[in-house]
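What follows is a set of notes on a single structure, which appears directly below.
All of the numbers you see were taken from the coordinates with simple rules; none came from a lab. Here the structure is a predicted model, which is why all the values come from computation and not from measurement. Here the Cβ positions follow ideal geometry from the backbone for every residue, glycine too, while neighbour counts run over all protein chains shown.
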Amino acid sequence: MIRKFVVERDKVVIAGELNLPQLVVLGTLNFKGPHKAGELAEATDFSPSMLTALCNKLVDGGYIERTRPEEDRRTVLLAISAKGKEFIETLSRSKRKDKAPYLFEEFNEEELKLLLNFSGRILKRLDGFSEAIMAEIEQALTPERPADK
């Protein structure tokens with residue numbers, strides 16, 4: 001289901017120019033200011049390689065800029081450009097409505113409450129999930145010693 005959502009998400013092109021992941025990067029830089037690439041990857045939850053590809057396209061399109069602060073010329077910051085700010089402002093003023101209701105319009109109120117409840121519980125359980133799985137695998141692969149029996 002998540003894979004299908006990602007495929008559908010990536011088909012959306014805004015104003016014939018940017019896809020949703022690019023818009024996430026642009027919006028983050030607009031609202032939170034310049035970032036180093038690693039910080040931006042963490043803030044947007046994109047892998048570093050995906051973020052690099054997204055940023056390259058945004059730089060090529062003139063939506064963001066790579067800058068070097070005077071105090072440390074080794075550091076590269078990604079910042080929104082004037083064109084990027086104008087794009088965000090135009091999008092904000094547009095009459096586009098939130099498309100999230102489209103996903104949920106066939107659910108009644110009780111079903112939506114259940115969905116929110118289940119989703120919240122799953123999200124809470126995700127913290128530490130990989131560590132728990134790894135611990136179980138490690139335990140399963142560790143041979144029992146006679147003293148353990």
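Convert each backbone phi in the range 124-133 into a coupling constant with the Karplus relation 6.51 cos²θ - 1.76 cosθ + 1.60 (shift: θ = phi - 60°), then list the ³J(HN,Hα) values in order as whole Hz, x for Gly and Pro.
4, 6, 5, 4, x, 4, 5, 5, 5, 5
Rank by packing, highest mean first: peptides 112-122, 43-53, with packing defined as the count of other Cβ atoms within 10 Å averaged across residues.
Order by mean packing, descending: 43-53, 112-122.
Please turn the phi angles of the range 107-114 into ³J(HN,Hα) values with the Karplus equation 6.51 cos²θ - 1.76 cosθ + 1.60 (θ = phi - 60°), one per residue in order, whole Hz, x for glycine and proline.
Along the range 107-114, the couplings run 8, 7, 4, 5, 5, 5, 4, 4 Hz.
Return the distance in nm (one decimal) between the two label points of a simple spin-label model at Arg3 and Lys85, each offset 7 Å from Cα along Cα→Cβ.
Distance between label points: 4.3 nm.
For Ser49 and Val76, FRET efficiency with R0 = 22 Å and r from the beta-carbon atoms, rounded to 0.05? Please report the intermediate quantities before stating the final value.
On the way: r = 16 Å, r/R0 = 0.73.
With R0 = 22 Å, the Cβ-Cβ based efficiency is 0.85.
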